[in-house]
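Notes follow the structure.
The values are calculated or read from the model by the stated rules, or taken from the named source; none is laboratory data. None of the values given here were measured: they were computed from a predicted structure. Cβ placement follows ideal geometry from the backbone for every residue including glycine, while neighbour counts extend to all protein chains displayed. The area values use the complete protein model at the heavy-atom level, side chains included, leaving out ligands, DNA and RNA. Shrake-Rupley method; radii C 1.70, N 1.55, O 1.52, S 1.80 Å.
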Amino acid sequence: MSLAELGRYDRNLANIIVGRLDSEGIDAIAFDGGASIADGSYLLIPVRVMVDEDDLSAAQAIVAAAQI
């Protein structure tokens, strides 16, 4: 299993995307979601949504269909 980056989003949107992909049976994880929470800049740092490279094209299609 090798991870591929689906995209970079704000923290809230990244978690919504992870949930949406999970509902379609695609495992996804949000990286960097807790970055810089202590200094208050967590909204400025994009969160990477990662999926298995074998699921990348399906995940891209789901995100594209949602017009994100």
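Can you tell me which residue within the stretch 2-17, out of those that are more than 15 Å from SER57 (Cα to Cα) and either surrounded by 12 or more Cβ atoms within 10 Å (Cβ to Cβ) or in contact with a helix residue (DSSP H, G or I) (Cβ under 8 Å, 6 or more places away or on another chain) (or both), is modelled with the lowest pLDDT? Ranking the qualifying residues of the stretch 2-17, first place goes to ARG11. Quick check: is even one residue across the stretch 27-48 at negative phi, at pLDDT 95 or above and open to solvent by 70 Å² or more (accessible area, probe 1.4 Å)? Yes; the residues of the stretch 27-48 include at least one that is at negative phi, at pLDDT 95 or above and open to solvent by 70 Å² or more (accessible area, probe 1.4 Å). Within the stretch 49-68, residues that are surrounded by fewer than 17 Cβ atoms within 10 Å (Cβ to Cβ) have Cβ atoms under 6 Å from residues that are in a loop (DSSP other than H, G, I, E, B) in these pairs: ASP52/MET1; GLU53/SER2, counting only partners at least 6 apart in sequence or on another chain. Pairs meeting the criteria (first residue in the stretch 1-17 and closer than 10 Å to VAL49 by Cα, second residue open to solvent by 80 Å² or more (accessible area, probe 1.4 Å), beta carbons under 6 Å, at least 6 apart or on different chains) are ALA4/GLU53.
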